[in-house]
1. Would you mind telling me the share, in percent, of accessible area of segment 232-334 contributed by carbon and sulfur at probe 1.4 angstrom?
2. So how far, in whole Å, is the C-alpha centre of segment 94-130 from the one of segment 357-399?
3. Please give the length that would be gained between Asp171 and Ser238 if that part of the chain were fully extended, namely 0.36 nm times their separation in residues minus their C-alpha to C-alpha distance (nm, one decimal).
4. Where Lys and Arg each count +1 and Asp and Glu each count -1, what net charge lies around Arg377 among other residues with Cβ under 12 Å from its Cβ?
5. So how much slack lies between Ser385 and Glu222, counting 0.36 nm per residue of separation and subtracting their Cα-Cα distance, in nm?
6. HN-Hα J couplings of segment 368-384 from phi, Karplus 6.51/-1.76/1.60, θ = phi - 60°, integer Hz, Gly and Pro as x?
7. Taking amide H positions as placed in the peptide plane 1.01 Å from N, state which residues far from Thr113 in sequence (5 or more) or on other chains have amide H under 5 Å from it.
8. For segment 190-230, with all protein chains present and a 1.4 Å probe, just round the carbon and sulfur fraction of the accessible area to a whole percent.
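The values are calculated or read from the model by the stated rules, or taken from the named source; none is laboratory data. Predicted, not measured: the structure shown is a model, and the values here were computed from it. Note that we place each Cβ from the backbone using ideal geometry, even for glycine, and neighbour counts take in every protein chain shown. The protein model used for the area step is the full one, side chains on, heavy atoms only, and it has no ligands, DNA or RNA in it. Shrake-Rupley method; radii C 1.70, N 1.55, O 1.52, S 1.80 Å.
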Amino acid sequence: MRLPMDRVSGSGKSMMKGNLWQAGGITRRVAVATTLALLAGCTVIPKGGPAGPAPAPSEAAPDSNVLPTDADRHRVALLVPMSGPNAAVGQAIANATTMALLDTNAQTIRITTYDTATGAANAAGKAVADGNRLILGPLLSDDVVAVASVARSAHVPMITYSNDVGVADRDVFVLGQVPGQSVARVLGYAKAHGVSRVGAIIPSGVYGQRVTTALADVARREGMTVTGVETYERANTSVASAVRRVKAKGPVDALLIADGARIALQAAPQAGGTRLLGTELWSGEAAIAKSPAMKGAWFAAVSDRRFGQFEQSYRKRFGATPARLATLGYDSVLLTLNVARNWKPGTLFPTGKLYDPQGFIGLDGVFRFNQFGAAERAMEVREVSGGTFTTVSPAPARF
């Protein structure tokens, strides 16, 4: 049987010298090829002395299926799809975790990758049996539930890449961009710029349910009127008719399209010049920026200020363009290093340290975990303008 993919921190050439920053302290830097200036007022993780050559991992016999034993390293499992339809995203996340290990030049963590596409629960069982004390991932919310059922009994917490706040728990931390936060940010900006009546088209499914709840809560808080909400199935051509049904319910100042580029581009021509609002799903979508029908649209997402240089560094190292979600892998490793400063190898992961109210910062900006285990993120608002995106309201630098 083939061993899971195993990587050790500290091996390879360092490209980034900074680690994840914790709010409140001295200004430092993280560099990706060229220097990435991070937020002021933050403290870098101590490196624990000058970096030297990484200890070579001990090799298991080819047929033993036994991972190396490292009494002085933290065992961390990465659970992502490495085969199947989501393999490209899983590989990008895995590559990004490798970058984080190399760039920080830490000596204290061994990350082993397990493929969730062949069964998330089986991957979790293997990870626990191999002695991992922390799980990074998985990516999909259904897999989170399956992995948690195995990891919880072993007291192994998870920092998952899902964006479904519904799976967050005392030992399951959601690092992904929660759609409700994006909706709240863009609606707050819209209200401040004269929008008071909003209609929405929202896909069926869990993501749509989260957006619907957030829309109602934010509208009530901001004193806005939701004139109508129409749902649709992504698998058919009901998007245009959903827009027409919303508009038939009364005049709106803006229309929220809670979906990605494909749906937004179908819906926009039906909006008839109405201001369009979007979510984090529009981030990095060049087709939206180039569409005349999308001009003037607003959406909220984490800042892309550091992603461009991360992308260049990633492409240089791996010869490919990373999925936008790859930064979650990078930041999860930096977060682990931050919390691991006083974590004794072989002991339970100190989950309590993840609740630091000052928060943390990574490539995607400042964030912190709330009492439910969901990441609260500082987001910016962008406008579609002239074939590109313009930041019209920067993300806050700190909480």
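1. Roughly 52 percent of what the probe reaches on segment 232-334 is carbon or sulfur.
2. 26
3. Values: separation 67, 0.36 × 67 = 24.12 nm, distance 3.94 nm.
Result: 20.2 nm gained on full extension.
4. Charge balance near Arg377 sits at -3.
5. Stretched fully, the Ser385-Glu222 segment lengthens by 56.1 nm.
6. 8, 8, 7, 5, 8, x, 9, 6, 9, 10, 7, 10, 10, 10, 10, 10, 6
7. Distant-sequence amide H within range of Thr113: Met5, Asp6, Arg7, Leu78.
8. Numbers: 900 of 1840 Å².
Answer for segment 190-230 is 49 percent, counting heavy atoms of protein chains only.
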